[in-house]
Structures are given as C-alpha cells and as structure tokens.
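A short worksheet on the structure shown next.
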Amino acid sequence: MTNGRWTLVDGSRLITESLAQAGADAFVGYPITPASWIYQYASRRFPVALAAPDEITTLQWMSGLAAAGHLPVTSTSFPGLALMVESINMAYMMELPMVIVLVQRLGPATGTATAGAQGDVQLVASLISGGYPLPVFCISDFADCWRLPPRALQTAVDARTPVILLTSKEMVMTQRDFDLATLPPVPPVERRFYDKAEAYQPYATSPDVPVPPFLPVGQGHQVRLTASTHDCRGLIQHTSPEAMANTRRLQTKVETLTPALFELDEQENAETLVVAYDVTAEAARDAVAALRQQGLSVSLFVPKTLWPIPSQYHAIFERYRHLVFAEENLQGQWARLLFGHRLPPKVRTVTSVGAMISPQAIAQEVPI
Amino acid sequence: MSTVLLTDKLPYCPGCTHHHVTRQTAKALEKLGVSPLDVVLVTDIGCHGIADAVFATHTVHGLHGRSTAIAAGIAMALPAGKKVVVFIGDGGATIGLQHILEAARMNVPLTVVVHNNFLYGMTGGQPSGLTPPEFKTMVAPEGTHLPHHNLCELVHEAGAAFAARVVGLGDFSSTLADAFAQDGFALVEVLEMCTSYTPKFNPDFKLRQVAEAAGYAVGSWTNPPRPPFRLQFRGGKPSLLSQLKLVARQENVGLMRRLAIVLAGSAGEGVQYAAESLARAAVSGGLHATKKGSYPVTVGVGFSAAEILLSPHPIRYHGITEPDFLVITSEDGLHWAKPKLATMRSGRVFVDASLPQLESPVPVERRDFRTPFGAKNAALLALATVAQEEAFLPEALVATFDPRAKVATPKS
C-alpha cells in the first residue's frame, strides 16, 4: 500500500474548497456550463450561496455584499462574463474586492458549452474601459486549483479590486487521481478595515500605499462608493485633477499589488522557451519532457499571472532565441498581448480551436 | 436643521420636483428617528443620482438601472435596523425592472423610491416604459401610444410588502415613512414633472390631470407579512474534500503504457459511473487515471460518453487523439462515436451485439453487453469485459465493478 490519501477529484471541487478555506464567504451563482460544478459545490460549502436570476444581478449582488464587508465569488463562462462587464467596471471603480472564476469554453457566442478553449485572454485583459488593468491569474494544473484561489482572493483584498481567476472546461470538469495529502493548509486571507476615529474618506490613500483602507457601509463613519469619476470622498467630479489622479491610481494600484506568479523551468544552453498556460501548460510540460529525453535543451515558462504583465516576463523572454507560445485560441492571444499583432520572427505560435493542443504539436514547433 | 440632509441647497433644475422628493425622503427618515449612519442611500443614473452629495447617510452610486440590485446585495447582508433606500428614475426602473421584481419577490428589506417624471431627463427627454401613451417627448413628439407599466401593480403581484403611488406635490412624507418602516420590500412611485423637457413638448401639462388620464391611480397596496430576505452566514460546513471516497492505492499492477479508453452509450445507462468505477479501480491498482464525460445538454436523453486515460506515470496532458479501445454499448453511443471510429488507425472496437455491423478501419469485437444485466449495467459490463479480455487490470480489481462478480444469477 502506498502512502497518501488518494482519490478521484475534479478541479472545480479543489477551487471551491480552497476559496472557502481562504475566507470567501458568499457565492453568487448563475448556472452556465462549464462553470456550474463550482456553483454546485459552493452551494454546499460556502457560508452563503445565492441563486441570482442573471449575470448582471450576480455582479450587482456581489458588489452589494462586498460593500457590506463580505468577500463574494462567482463562476461563469464567456456568455455570462459578457453580461457582467459593465458591473465589473463598476466594482473596479468602486474598489470592491471579489473573485470571478472564468471557466473558458469554445466560442464565439454560445459556441460549444462542453468544449474547452483559451479564447477570453484578450477580453479579460481589456475588460476595463480606458485600459486599466484587472488582475488575471490562470490555473495551470491541479496544484494551482488549490494554490491560486487564495492568491486571487488576497489580491482582491489587498488591491480592493475584482480579480479574474481564469481556467477552462478541461481543467475543472476532468476527474483525475490526486493525493489529497499533498494539499497544504490554506491560510485565511488577511484583511483589515479602517479603524480610526477621524472621518473616513473611501478613496484617500497614504503616500506609500496606493490602496485606500476599506470600511463597509452601515458602520460608524459615512461611506460613499461611486462608479462615476470621483474625488477622495467618493463624490462625483467631472475631470478635476484630484479625481483624475484617483482614477489613474487604479492602474498603479493593480500593477503594484498583483503578484508575479509563474513557473520557470530553465535548462542551460536552451535556445527555445516554450510558453503555455491553463490546460495547455500540461501539454507543454509533456512536450518539454519528451524533447529533453531526446537530448534537446529546452526551457518552459508557465505564467500564472497573465495580466497585468509582470515586468520580469520580458526579461525572461529576451534570454531566448526562440519562443514557442501554445494557446488554445485562434491567433495566440497572450503572445499578441505581449508582442503586438505583428509577432517578431522569434515568436512561433501553436494554436487550436475546438481541440486541446497535444504535446506533439508543441514539440514540432520547437526548432532542433 | 435636517439631520439627513447636509445642505438646503439641492443640485436640481429650478422647479424640478426632485427637490421635493429629496426633502420628503429626509423628512420621512427624520420622522422615524433613524440615524443617517443607519441609512444607505443607493442612487441610480439620472438627475436624482446627483443627490448623494447632499445626504449625510452612506451613499452608493452605481450603474443605470442596477441600483436596486446592488442595494439588494447590501440590504440582504446588513442587520435589521439598517435602512436601504434606492433612488431611481422611470428610465432606471424600465431597464432595471427585473431587479425590482426580483427584490420584491424575495422581500429584500429595502425601499425603492421611483422618480417617475415620464421621461429620461438627463439625456434630452426620451420616453420610458412608464411614459403615459399621450405624453410627448423629444423622440416621440406625438406620444408613444403604448400603455405604460403599472409598477405598483407589478411589485405588488411579485410580493412586495408595501407599494404606493403618490403625486409628487404636497406632503407625502407619511407614505415614505410607511415604506421605510417596513422590514421587507417597499416601493413608492412618485409622479413628477421635469421642468426642462415636459413643458417644451407638453405646454399644457398638469401633473394630476395627466396622471389621472393615464390611469396612474394614487394609493397604497400591501401584502400579508412574510419574513424579509436577510442572509444568515453559516460557517463551519464540512470540507468538500472530506466527502471524497478515498482509494486504497497498491503498488502498480503492471500496466506499462498509457491506455486510452472511450466509452459511448446512452444517458441513464450508467456510462459516467462505469467510467469512474474503472478509473477508481485503476488508481487502487497503483495507476494514474483521468476521466471526463461528454453528453448533450439534455442530460437525461441521448448519448453519454466518457474518456478514461490510464497510465503508470502521472498524467499531465489528458487529451485522447486516438483511443486504444472504443467501447460502444448503445445506438446513441454508436451515433456519437462514428466520427471517432472513422479516424482510428490502431486499437480495437468493442460493440454491443445488438447494434448493426460496422464499417471500421480497426478490428471490431461484438459482445452482448445489454442483455445479461440489463441496459443499466451495460456500460459496467462492457468495461469489465474489455479490462478482463485485454488484461490491463488484474481480475481482483475488475471484480470491484464487474456486475458479473456482484450478481450470482444473470437476468434471464
């Protein structure tokens, strides 16, 4: 008999349990394949689980719960996210913490609900009007299903912002053997509220911290939250210098406080770096292992923080003569976010729609 | 001096009835003796939405039409004694009608104050769903000739604890106080006039006359008391992992290579259960396994298919390009599996004997899966048969899910 606590488990269950242990206390759900398993699990596990009548209401209820001091979560897929976009912008501007688990499926539109995809990467990177960054973390294996949700929740709290936790159908609806004994305990997120006697200004920051302290509505100080351009008190302004400085702060805040999470497996003398995220990272790991068995030096990069782009990423890319991006979408969306629409000659892409990318397809693109 | 308003100077156009609604709201809250910090005012988009700055309460200013929904999120999470008040216009009530009805249905403890001046005042005077049929606006200079929603009736039908309609003239603070006093959903529709756009297109406008002609009845409507929708946060629920069935894992039983099995059958015939049983048996035999299902949106009818991957090594990529064994137990399964079958270059197909002869590029084995233990056990029997015949799992592990091992006498 081997050691461990082996079982069959799916990614949805790990993500949901991890979020609950981390301190997310309210789940607002609207069913959509392939995100519904998370909703089902959350309805049994979260301190509160609500059935919303649509995805706009979902995000609005989450915002209300966040304004009242809770840490809400939802799970959805592209059609639901599309309805949430304006409300995510609202929560971003109000600076309300929450996590949106986005389970990608094949598009466009309703596409194929039970086929996986990585087609929403450019969308989530451009979700906030004006180009402001939203933190986007991406799960690349079952270990990430456990490790990343608390990081996403902590970032939401630290930066007072909605956070997208990106995954896809093949990650959350596939069961696999897994040793539960390998899961470390999940520490609850650390959270502090404004506790001073002086009047509270919901958007006033100190010089060294770009995030204002948080205070829920309904308590001893007046709290003003607004989605419109506003000053430090939360009062609507047109484009006053104070208000615009406050809006610009949102970019600085997210860029400063989104942790750079990635896996870098480098080999000496390797000239090629294989880059993949989400379920394709698993194929990339296999591809790299197979190439190494053949005696080829090749390195692997799996970004967990997809957006905003951490500053060290480009420094890593610059070390390589060839970059092979494997992405399950039409053109290599993340490669384009990094390098633009005219990809430099050193960048190759392996793309697919409607089918997972195989390790062989990735290995074929690695120059020998 | 008002305890609720920070100033007498309100930000609306001269003569706008919004002045009156704001003051009457403050008066009603003061009548009830509510502390401003026990009140959350949620404003929508529209001229009333610039009221935040004059209120000493908490204020939340969100999106057009969505104020009731964010207010519901707040109200359901706050303790009893807090008052959540929504200011919304007739335009916001139109685009956000679903949110209002939902909050009424759930009896979320909040009050929606609808500023119904029959038009969108902030954008030049367009008609809303609450505009009377003959009322003229910039984009409908002859009127819409469409009936308006009866908001009070709609929320009353949806279960609102309290609904009322008043003409926004004179003192209606008692009606507002009655609404605010509810521990449940309340709505007060205030009929108003926009001084900027109403006279321009309706020069002889008289608020009471127009309201009466449009059938906007003044009054209040209540439903029998029922509990408000307030959340109870219940922590300490059992871990989702504690509910998982653990597998006693032995050393590897001897499978030396990766094996891909695709099982295709019908909904209701235990396909997913059978696939999971095989995967579980393999894991207990020291192997690694993945299993995923595929089925149409109508989960109770049509095909049900599963992909199982077994390997002596940890599985990372779990896609199956070509199965080693394609196992088909029903006509639905056959229909689903045909394209996959056509592209197979290696491997073997196991098909139920009742199904038509197949054109296949690889060898086909015909077995009776459906009769011995009935259709419900066809998938289990099929996987057990394949595992046994192909000998990729030891007998003892196959027996853990083989219906032949569990039932002494097969069905006749």
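Throughout, read-outs are computed from the coordinates displayed, never taken from laboratory work. None of the values given here were measured: they were computed from a predicted structure. In this analysis, Cβ positions are derived from the backbone assuming ideal geometry, glycine residues included, and neighbour counts consider all displayed protein chains.
In nm, give the distance between the simple-model label positions of residue B:145 and residue A:311, each being 7 Å from the Cα along the Cα-to-Cβ direction.
Those two pseudo-labels are separated by 6.6 nm.
So what is the relative contact order for chain A, in percent, with contacts set as C-alpha pairs under 8 Å and at least six apart?
It rounds to 17 percent for chain A.
Determine the percent antiparallel among the DSSP beta bridges restricted to chain A, to the nearest 5.
30 percent
Considering only Cα-Cα distances, which of the following residue pairs are longer than 32 Å: B:340/B:376; B:83/B:200; B:237/B:406; B:27/B:206; B:31/B:206; A:169/B:376?
Too far apart for the 32 Å limit: B:83/B:200; B:237/B:406.
With a cut-off of at most 10 other beta carbons within 10 Å, and DSSP calling the residue loop, which trypsin sites (Lys or Arg not before Pro) in the range A:260-345 qualify? Please list them.
Here the sparse-neighbourhood loop sites are A:321, A:342.
To the nearest 20 debye, what is the magnitude of the charge dipole of the range A:1-259 about its Cα centre, counting +1 on the Cβ of each Lys and Arg and -1 on the Cβ of each Asp and Glu? Mind showing how you got there, number by number?
Values: 18 positive and 21 negative charges, 38 e Å.
My answer is approximately 180 debye.
Expected output is a single nm value to one decimal: the length gained when fully extending between residue B:183 and residue B:244, i.e. 0.36 nm times separation in residues minus the C-alpha distance. What is it?
Working: separation 61, 0.36 × 61 = 21.96 nm, distance 4.19 nm.
Stretched fully, the residue B:183-residue B:244 segment lengthens by 17.8 nm.
Relative to the longest principal axis of the C-alpha atoms of chain B, give the angle of the C-alpha long axis of helix B:18-32, reported between 0 and 90° and rounded to the nearest 10°.
80 degrees
Mind checking the range A:112-202 for GluC sites (Glu not before Pro) that DSSP puts in a loop (not H, G, I, E or B) and that have at most 15 other Cβ atoms within 10 Å?
Values: sites: A:170, A:190, A:198; in loops: A:190, A:198.
Loop-located and lightly packed - A:190, A:198.
Could you list, bin by bin from short to long, the percent of Cα-Cα pairs of the range A:262-365 in 10 Å steps?
Answer for the range A:262-365: a P(r) of 16, 54, 29, 2 percent.
I need the Kirkwood Rh of the range B:18-222: take the reciprocal of the average 1/r across all distinct C-alpha pairs and report it in angstrom.
16.6 Å
Between residue B:123 and residue A:355, how high is the FRET efficiency from 1/(1 + (r/R0)^6) when r is the Cβ-Cβ distance and R₀ = 41 Å? Nearest 0.05.
So, using R0 = 41 Å, E works out to roughly 0.30.
Would you please name the GluC sites (Glu not before Pro) within the range B:216-299 that are DSSP coil residues with at most 16 other C-beta atoms within 10 Å of their C-beta?
On the way: sites: B:251, B:269, B:276; in loops: B:251, B:269.
For GluC sites (Glu not before Pro) across the range B:216-299 that sit outside H, G, I, E and B with at most 16 neighbouring Cβ atoms in 10 Å, the list reads B:251.
Of all DSSP beta bridges in the range B:18-222, what percent run antiparallel (nearest 5)? Intermediate values should be presented prior to the final figure.
Details: 6 of 32 bridges.
Given both bridge residues lie in the range B:18-222, the antiparallel proportion sits at roughly 20 percent.
Across the range B:186-202, in residue order, what do the Karplus-derived ³J(HN,Hα) couplings come to in whole Hz, using 6.51 cos²θ - 1.76 cosθ + 1.60 with θ = phi - 60° and x for Gly and Pro?
Computed from phi, the couplings for the range B:186-202 are 9, 9, 10, 9, 9, 7, 9, 10, 8, 6, 7, 10, 5, x, 4, 9, 9 Hz.
Kindly express, to the nearest 10 degrees and within the range 0 to 90, the angle between helix B:331-342's C-alpha long axis and the longest C-alpha principal axis of chain B.
70 degrees
Hull surface divided by four, with the convex hull built on the Cα atoms of chain A: how many nm²?
That works out to 20.0 nm², a quarter of the Cα hull's surface.
Pop out the ³J(HN,Hα) list for the range A:136-142 in order, Karplus 6.51 cos²θ - 1.76 cosθ + 1.60 with θ = phi - 60°, rounded to Hz; leave Gly and Pro as x.
Each residue's phi maps through the Karplus curve to give 10, 10, 10, 7, 10, 6, 5 Hz.
How big is the Cα convex hull of the range B:253-412 in projection, averaged over all directions, in nm²?
The number I arrive at for the range B:253-412 is 9.0 nm².
Would you kindly work out the equivalent ellipsoid of the range A:6-101 from its C-alpha gyration tensor and give its semi-axes, the square roots of five times the eigenvalues, largest first in whole Å?
Semi-axes from the Cα gyration tensor: 22, 15, 11 Å.
Considering Cα pairs under 8 angstrom that are at least six residues apart, work out the relative contact order of chain B and quote it in whole percent.
It rounds to 11 percent for chain B.
222 nm [θ] for chain B, helices only, -39500 (n - 2.57) per DSSP H run of 4+, per residue, to 500?
-8000 deg cm²/dmol
Using only Cα atoms, tell me the angle between helix B:378-390 and the longest principal axis of chain B; keep it within 0 to 90° and round to the nearest 10.
40 degrees
If you stretched the chain out fully between residue B:368 and residue B:301, how much longer would it get, using 0.36 nm times the residue separation minus the C-alpha to C-alpha distance?
21.9 nm
Could you state the principal axis extents of the C-alpha atoms in chain B, from the largest down, to the nearest angstrom?
90, 50, 40
What translational diffusion coefficient, to the nearest whole µm²/s, does the protein assembly as shown have by Stokes-Einstein, given a Kirkwood radius computed over alpha-carbon pairs, a temperature of 20 °C and 1.002 mPa s viscosity?
On the way: Rh = 29.0 Å.
The Stokes-Einstein estimate is 74 µm²/s.
Could you tell me which residue out of B:372, B:5, B:259 lies farthest along the dipole of chain B toward its positive end? Charges go on the beta carbon: Lys and Arg +1, Asp and Glu -1, centred on the Cα centre.
B:259
For chain B, which span is the longest to avoid every loop-located (per DSSP) member of trypsin sites (Lys or Arg not before Pro) having at most 12 other Cβ atoms inside 10 Å? It would help to have the intermediate numbers written out before the result.
On the way: sites that count: B:9, B:206, B:234, B:245, B:257, B:345, B:411.
So the longest stretch without any such site is B:10-205.
Restricting to bridges with both residues inside the protein assembly as shown, how much of the DSSP beta-bridge set is antiparallel, in percent to the nearest 5?
35 percent
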